[in-house]
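The values are calculated or read from the model by the stated rules, or taken from the named source; none is laboratory data. The shown structure was predicted, so the numbers you read here are calculated from the model rather than taken from an experiment. In this analysis, Cβ positions are derived from the backbone assuming ideal geometry, glycine residues included, and neighbour counts consider all displayed protein chains. Quick note on the areas: whole protein, heavy atoms, side chains included, nothing else; ligands and nucleic acids left out. Shrake-Rupley method; radii C 1.70, N 1.55, O 1.52, S 1.80 Å.
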Amino acid sequence: MDHITDIDKKDYIDECKEIVRTTIALENIVLSDEYLTILTEEIMDTAISIGGDYSREVVRNIAVQYVRSDFYPRFKKAHHLD
């Protein structure tokens, strides 16, 4: 993408996954590692697209917004969970 900072996710994915895992667990949502990775990458992409980074605060805030917006039914449908 033009004009968007490209930060290699591989360097940050494990830390970001743990942030997302603990955030969604507060709502009793548990995902397999595969789907947690997909969700985390979506959140990481969102962080960069809004001009943020992969800091704990930014990733956690976006994950909280996902939870508050009731993302889980849409996520399950989009990724054929159930």
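Would you confirm, using the coordinates I've provided, whether Y54 is hydroxyl-bearing (S, T, Y) and within 11 Å of the chain's Cα centre (by Cα)? It is true that Y54 is hydroxyl-bearing (S, T, Y) and within 11 Å of the chain's Cα centre (by Cα). When you check Y72 against the structure, is it touching a Leu at 6+ places or on another chain (Cβ under 8 Å) and open to solvent by less than 90 Å² (accessible area, probe 1.4 Å), yes or no? When the stated conditions are applied, Y72 does not pass them. Residues that are surrounded by 15 or more Cβ atoms within 10 Å (Cβ to Cβ) and out of contact with any helix residue (DSSP H, G or I) (no Cβ under 6 Å at 6 or more places or on another chain) do not occur anywhere in region 1-10.
The residues of region 16-45 that are in contact with a Leu (Cβ under 8 Å, 6 or more places away or on another chain) and either surrounded by fewer than 17 Cβ atoms within 10 Å (Cβ to Cβ) or among the aromatic types (F, W, Y) (or both) amount to a single one, Y35. Can you say whether I24 is at pLDDT 95 or above, closer than 20 Å to R68 by Cα and aliphatic (A, V, I, L, M), as far as the supplied structure shows? So I24 fits the description; yes.
For first residues located in region 9-37 and touching a residue at least 12 places away in the same chain (Cβ under 8 Å), partners that are open to solvent by less than 100 Å² (accessible area, probe 1.4 Å) and not in a helix (DSSP H, G or I) and lie 6+ apart or on another chain with Cβ distances below 6 Å form the pairs Y12/Y54; C16/Y54.
Determine, yes or no, whether R60 is loosely packed, with under 14 Cβ neighbours inside 10 Å, basic (K, R) and in a helix (DSSP H, G or I). Answer is no for this residue.
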